[in-house]
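S.K.: Mind looking over this structure? Questions follow.
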Amino acid sequence: MAAKRTAPRALLVFVVVAIAVPLILLVTQADGGHRAAVAAPPELAVYAERAPHVLSQLNAYGVQGVVRGAPSTPPSALPPLSPDRFNVPEAEYRAFAGSQLGLMEGQITDLEGALAAGDRAAAQDAWRGAYSRYLELGAVYLEGQIATLNQAIDGNPGGLPGGIRSPQFTGLHRIELGLWTGGPLSSLLPYAHKLAADVRELRRVLPSVQISPLDYATRAHEILEDAVRDLLSGTDVPWSGEGVLGTEDGILATKEVLLTLKPLLFKRENVLPVANAQLATLEGVMERLKAAHGGRLPTNGELTQEQAELLDNAMGGALEALAQVPGALETAYTPVIPRIPRSAVRIDQP
Amino acid sequence: MSPVDRRSFLTRSAALLGAGGAGALVGGAGVADRALAANPTDDPGTGAGAAVAASNLATVEPFEGVHQAGILTPAPAHATFVVFDSFAPDRGTLAAALQALSRRAHELTAGGPVPLLEVDAPPPDSGILGPDNAPDALTVTIAFGASLFDSRYGLGGHRPLELTQMPTFSVDELVPAQSHGDVLVQICAQHRDTVVHTLRELVRTVRGTLQQRWTIDGFMGASRGPTQRSNPRNLFAFRDGTANPDPTDAALMRKLVWAGANEPAWAAGGTYQVVRIIRQHVEFWDRVGLLEQEKMIGRYRNTGAPLGGTNEFEEPRYDLDPHGYRIPLTAHIRLANPRTAATAGERILRRGFNYHRGFDEAGQLDQGLVFVAYNQSPARQFATIQNRLNNEPMIDYITPVGGGYFFAPAGARSSVDWVGSELFASV
C-alpha cells in the first residue's frame, strides 16, 4: 500500500469532518484513495479488528474524497451467490427452530404444572425457559400466517386497542404480567393452555415456512437489533425485566444462523471471522454478568451502570460486525432503478 | 426607591424592537436601565441592537389573526411542545387560565422590555433573555385535547366532532406519561433560548391551574440547499415535507386544514392537530444498505427525488409504474400519498421537528420525529394515511411512543381576545 502524504484537500476535509483527528494521517498515508482498500493500514490493524465498520467508513471516505462525484457506494467486488445455496442453511435452521419449539412445549407443560400447584417461583422459572426457547427462533421470518401466530404467542399489548385489557393480549407477555405483578396464578392457566396450543400449531406449520435469501441473511444482524430495540430497552419485557436473558437467546440464535451460513461466507470479505470474534466478546460479557450475579443473568434493572455500559458496548460492536453479513451474501447484482422517461417528468410547482 | 420610579424605566417602547434595527434599539438602551448602563459593550456597533438585527431576533409573527400562528407559518429552527392537564376547579377558572395564557403569549410574541416592579419582589419575567424580550419569530399555538371536553367543565356538548383521544394504531407503543392531555401548547422560534424562555414564562402563568403532563423539544434541519426550496432532512437523512400542500394556497387550506362547516360554530377557523412522538431507531437504520433505505422511503437520499427521478419536486409518476418496479408499492411516500384523485382530499399539512433526548435504557440514541399534522378531519385524512402505513417495511425502524389528537381553535381576534374565547362564550 502506497504511503502518500499528498492527499488532495477534499479528502482531508471529508475525513476531518467525520473522524477523530489522530486517525487522519494514518488513513491518508495508508491509501492514496484511488481505489477501495481491502485491508487495514498497519497502524490501524488492531482497531480495524475491534471495529471493522470503522475501517470500511475510512475507506469509503478515502475513495470519495479523491473521486468527486463518484458513486457514494463503492461497487461490491463479490459476484452474487446463487439463491439455491440458501436452501440447506435455511433447512438446517428450520430443524433447529423446530427442536427449540419442542423444548418450549416441555417448558409450557412445566408452567401449567407450576400454575396449578400455585408455585410462583417455579412458574417464573418455567416462563423464562419457554420465553428463551421462543427467542431462539429469531431467524424465522414472521410474515403472513406466522405473524398472526407470533402475535398470539409473543405479542405486546402496546399496539392493541385497550392495551393490557385487550382480549387479543393472551400469550407469553400476558402470563408475564400475571406472574410478576402478583395476580392469582390460577387466572393464568387458560392463557398457558392457549399458549401451548398456539406453539403446537406453530410447530406444525414451521416446516413449510419460506424465507427469502435476503431475509435470512438479514436476520444475521436483525435478531440482535431486535434485542437492543425491544429487550434491553425493556419495551417487550416490562414486568419481568428479563432483557439480558432474552439477549443471550438472541446471541444463540445468531450463532446458529452464522453456523448455517458458514459455507456461503467462506472467503466473503472476511465477514465471518470478524463477526465471530465480536460475538465471542459479547458472550464473554454475558459470562462476566453471570459471575457477578451469582451464576444467573441479571434483569435489566439489576445491571449496574458499569455493567450496562459493558453490555451495550459489546452489543454495538457485534451489531456493526453482523451488519456486514447481508452485503456479503447478495444473490443478485444491484438492480438498476428504471428512470422516469424525460417526456414524463412533471415538476410540482410551489 | 418608589414603585413609580421603577416603572419609569419601562418607557422604552416595545415597538422599538420591531421598527428598528440597531439605531432604534440603541436609542432605547440610553434610558437608565441598570443592566444596559453597566454593560461595557453598550456602543452602537456592538450592542444588543446590532445583535438583534444580525440574527433576525426582531422578526415578529403576530399572535392575533383569523387563524393561530404556528400552523401555516414556516417552521423555524426550534420548537417545544408541552401538554398540560387542567386542575381548575371550575369552568370559570379554566377560562381565566386560558385567557392568561393567551395574554402572556401575546406579550412574548410581540416582544419588548421586561417590566420591573419592586426590587424586593420576584421579577415578573425570569429575565433569561435579558432586559428585552426579542420576538424572534416566536409563535405560541394553543390546542385542546378531547379530555378537556369530559364531564369536568360542561364542555362536552361543544366538542369538535372528531376530537377523540388519539386511537392506538397497530405500530404504536404509546407511553401514557407522554400521550394525550387537556391543553397542548406548541412554542416555536428561531433560537433555542427564546423557546425555553417562553416555556418557562407560560408554565408560570398557568401554575396552580394547569399542570404540565409531558413535553418534548424539537429542532429543524438547517436549510442546506441546493436551492431555497429544498427541504431539510429528518433523522433518517431523507428530506421531509416535499409533498406538503402549499400553505399559501388559501383555497387548498380551506379544503384540507380548516374546520369544516359541520363543526360547532365556535370551531370555525380552527384545525385538528395531530402530534406523534415517533422514535427512530437510528443505529439500526444506519446499519441498513442505502438501496434498501431508499426503497423503504421511495426517494433518493441525496436529492430527495422520487426513485427514477432527478428533482426533489418531481412527481413520482406512479401511473407509469403500476407494479412498483421503480418505486415499491410499499414505499413510504407511495402509501402516504398515492397521488390519485380519490386520495387528494386525504392530504395533511405536516410541520414536524426532529428530536434528540439522550439515550435509552439500552444505551441507544433516543432520537426521532415530533410528527405534527394539521388537518380538517383526522378520520378522513391522518388516520386513513396512518392505517395504510401500519404495515410499511419502515415500521421495523420506528416506534411511535407518544402524542395525541388536539384541536387548535381560531386565533385571538384582538390583543384582548384569547384562544378559545368563542368556545367558552358558546357554553
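S.K.: With respect to the numbered conditions (1) closer than 20 Å to A:G243 by Cα; (2) of a type outside the set (A, V, I, L, M, F, W, C); (3) in contact (Cβ under 8 Å) with a residue 24 or more places away in the chain, which one is the sole condition not fulfilled by A:S186?
M.R.: With respect to (1) closer than 20 Å to A:G243 by Cα; (2) of a type outside the set (A, V, I, L, M, F, W, C); (3) in contact (Cβ under 8 Å) with a residue 24 or more places away in the chain, A:S186 is out only on (1).
S.K.: For the list (1) surrounded by fewer than 20 Cβ atoms within 10 Å (Cβ to Cβ); (2) more than 14 Å from every other protein chain (Cβ to nearest Cβ), I need the number of the one condition that A:Y141 fails.
M.R.: The number of the failed condition is (2).
S.K.: Just to check your reading of the model, which residue among A:G138, A:G102, A:G113 is under 21 Å from the mean Cα position of the chain (by Cα) and small (G, A, S)?
M.R.: None of the other options fit; the residue is A:G138.
S.K.: Taking B:L369 as the residue in question, decide whether it is modelled with pLDDT of 95 or more, within 30 Å of A:L311 (Cβ to Cβ) and within 13 Å of chain A (Cβ to nearest Cβ).
M.R.: no
S.K.: Quick one: how many residues across the range A:187-238 are β-branched (V, I, T), farther than 16 Å from A:E256 by Cβ and out of contact with any strand residue (DSSP E or B) (no Cβ under 9 Å at 6 or more places or on another chain)?
M.R.: Within the range A:187-238, residues that are β-branched (V, I, T), farther than 16 Å from A:E256 by Cβ and out of contact with any strand residue (DSSP E or B) (no Cβ under 9 Å at 6 or more places or on another chain) number 4.
S.K.: Within the group B:R207, B:R213, B:R287, which residue is touching an Asp or Glu at 6+ places or on another chain (Cβ under 9 Å), basic (K, R) and either within 14 Å of chain A (Cβ to nearest Cβ) or more than 21 Å from B:P409 (Cβ to Cβ) (or both)?
M.R.: B:R287
S.K.: Is it the case that B:G127 is under 17 Å from the mean Cα position of the chain (by Cα), touching a residue at least 12 places away in the same chain (Cβ under 8 Å) and away from every other protein chain (no Cβ under 14 Å)?
M.R.: When the stated conditions are applied, B:G127 does not pass them.
S.K.: Name every residue in the range B:83-111 that is more than 26 Å from B:P135 (Cα to Cα) and surrounded by fewer than 18 Cβ atoms within 10 Å (Cβ to Cβ), in order of residue number.
M.R.: B:D85, B:F87, B:P89, B:D90, B:R91, B:G92, B:T93
S.K.: Take A:P298 and decide whether it is touching a Phe, Trp or Tyr at 6+ places or on another chain (Cβ under 9 Å) and either among the acidic types (D, E) or within 14 Å of chain B (Cβ to nearest Cβ) (or both).
M.R.: Taking the combined requirement at face value, the residue does not satisfy it.
S.K.: Considering the range B:219-249 alone, what residues qualify as being outside any loop (DSSP other than H, G, I, E, B) and either among the β-branched types (V, I, T) or open to solvent by 60 Å² or more (accessible area, probe 1.4 Å) (or both)?
M.R.: Once the filter is applied, which keeps residues that are outside any loop (DSSP other than H, G, I, E, B) and either among the β-branched types (V, I, T) or open to solvent by 60 Å² or more (accessible area, probe 1.4 Å) (or both), the range B:219-249 yields B:F219, B:R233.
S.K.: Against the definition (more than 14 Å from every other protein chain (Cβ to nearest Cβ) and among the small types (G, A, S)), how does A:G178 come out, yes or no?
M.R.: Judged against the criteria, A:G178 is a match.
S.K.: Give me the pairs: first residue in the range A:325-341 and without any contact (Cβ under 8 Å) to a residue 40 or more places away in the chain, second residue open to solvent by 60 Å² or more (accessible area, probe 1.4 Å) and outside any helix (DSSP H, G or I), beta-carbon distance under 8 Å, and six or more apart or on different chains, which are they?
M.R.: Listed by first residue and then by second, the contacts come to A:P338/B:Y325.
S.K.: For the range B:216-231, which positions are closer than 30 Å to B:V401 by Cβ, without any contact (Cβ under 8 Å) to a residue 60 or more places away in the chain and of a type outside the set (S, T, Y)?
M.R.: Answer for the range B:216-231, where residues must be closer than 30 Å to B:V401 by Cβ, without any contact (Cβ under 8 Å) to a residue 60 or more places away in the chain and of a type outside the set (S, T, Y): just B:R224.
S.K.: Further, regarding this structure: Here is a list: B:Y397, B:Y355, B:Y405, B:Y374. Which entry is within 14 Å of chain A (Cβ to nearest Cβ) and of a type in the set (F, W, Y)?
M.R.: The conditions single out B:Y397.
S.K.: Let me ask something else. So is A:L214 under 20 Å from B:Y397 (Cα atoms), within 14 Å of chain B (Cβ to nearest Cβ) and modelled with pLDDT of 95 or more or not?
M.R.: Judged against the criteria, A:L214 is not a match.
S.K.: Name the residue, out of B:V196, B:V185, B:V203, that is in a helix (DSSP H, G or I), in contact (Cβ under 8 Å) with a residue 40 or more places away in the chain and touching a Ser or Thr at 6+ places or on another chain (Cβ under 8 Å).
M.R.: B:V196
S.K.: Considering the range B:139-167 alone, what residues qualify as being open to solvent by 40 Å² or more (accessible area, probe 1.4 Å) and in contact with a strand residue (DSSP E or B) (Cβ under 9 Å, 6 or more places away or on another chain)?
M.R.: B:S147, B:R152, B:R159, B:E162, B:T164, B:Q165, B:P167
S.K.: Filter the range B:268-294 for residues that are in contact with a helix residue (DSSP H, G or I) (Cβ under 8 Å, 6 or more places away or on another chain) and without any contact (Cβ under 8 Å) to a residue 60 or more places away in the chain; which is farthest from B:S179 (Cα to Cα)?
M.R.: B:G289
S.K.: Select from the range B:294-332 the residues that are buried (at least 20 other Cβ atoms within 10 Å of the Cβ), away from every other protein chain (no Cβ under 11 Å) and β-branched (V, I, T) and list them in ascending order.
M.R.: Hit for the range B:294-332 is B:I297, nothing else.
S.K.: Considering only residues that are open to solvent by 20 Å² or more (accessible area, probe 1.4 Å), among the small types (G, A, S) and within 24 Å of A:L232 (Cα to Cα), which ones fall in the range B:359-387?
M.R.: Correct list: B:G363 only.
The values are calculated or read from the model by the stated rules, or taken from the named source; none is laboratory data. Every value quoted in this text rests on a predicted model; they were computed, and no experiment measured them. Heads up, the Cβs are rebuilt from the backbone with ideal geometry, glycines too, and the neighbour counts pull from every protein chain shown. Calculation scope for accessible area: heavy atoms of the full protein, side chains included, ligands and nucleic acids excluded. Shrake-Rupley method; radii C 1.70, N 1.55, O 1.52, S 1.80 Å.
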